[in-house]
Amino acid sequence: MQKVMSIEESAQLDIELLQGYVDNLGVSVVRKMLELYTQQSTLYIEAITLSMSEQSQTNWQDSCHKMKGAAGSVGLLQVHKQVASLEKSTKDWLLKTGDIESLIELNNQAKAAFNKWLDLKPQ
């Protein structure tokens, strides 16, 4: 049975950008890019969470900005969009807890979609 990507999964990704990476760098390098992003996004989410507990809007914006750039560079469209929105958010800190939970879920879905997309590529 062949794997196929759902519309929801493909909407997570900038397929044109990622295909360019695969064409120029190869699947193994792009897979390493995803692994690095996975490690870094964990750190960014930790920093975003910490800024919330410190109630530091400056640290919140800086951490969101870093994650936004990382997500954009690996073609995670929906994560990039959500973090861009969060970056400028001045919501009450208690409301930001739900935003972080939503971001974590979306980030996990995007990484899974990226992995699935890579699995469909010939090695």
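Loop-located chymotrypsin sites (Phe, Trp or Tyr not before Pro) across segment 26-112 with a Cβ neighbour count of 11 or fewer within 10 Å are lacking, with loop assigned by DSSP. Shape analysis of the chain yields a ratio of the Cα radius of gyration to the Kirkwood radius, Rg/Rh, of 1.02.
Roll a 1.4 angstrom probe over the protein heavy atoms and tell me the percent of accessible area of the chain that is carbon or sulfur.
55
Accessible surface calculations at 1.4 Å, restricted to protein heavy atoms, place segment 58-123 at 51 Å² per residue. Relative contact order, whole percent, for the chain stands at 37, derived from Cα pairs under 8 Å and 6 or more residues apart. If exposed means no more than 15 neighbouring beta carbons inside 10 Å and the site is in a DSSP loop, what's the longest run of the chain without any exposed trypsin sites (Lys or Arg not before Pro)? With trypsin sites (Lys or Arg not before Pro) excluded where exposed in loops, the chain gives 4-87 as its longest stretch. The long axis of helix 77-87 is offset from the longest Cα principal axis of the chain by roughly 10 degrees. Full extension of the chain between THR58 and ALA11 yields a length gain of 13.8 nm, computed as 0.36 nm times the residue separation minus the alpha carbon distance. For the residues LEU25, LEU34, LEU86, a GNM of the chain with alpha-carbon springs under 10 Å puts the largest fluctuation on LEU25. Which value results for Rg/Rh of segment 56-106 when Rg is the Cα radius of gyration and Rh the Kirkwood radius based on the inverse mean 1/r? Ratio of gyration radius to Kirkwood radius for segment 56-106: 0.95.
When only alpha carbons are used to place a centre, segment 50-74 and segment 76-90 end up 10 Å from one another.
The values are calculated or read from the model by the stated rules, or taken from the named source; none is laboratory data. Predicted model, so just to flag it, every value in this text is computed and none were measured. Positions of Cβ are backbone-derived with ideal geometry, glycine not excepted, and every protein chain shown enters the neighbour counts. Accessible surface areas use protein heavy atoms only, side chains included; no ligands, DNA or RNA. Shrake-Rupley method; radii C 1.70, N 1.55, O 1.52, S 1.80 Å.
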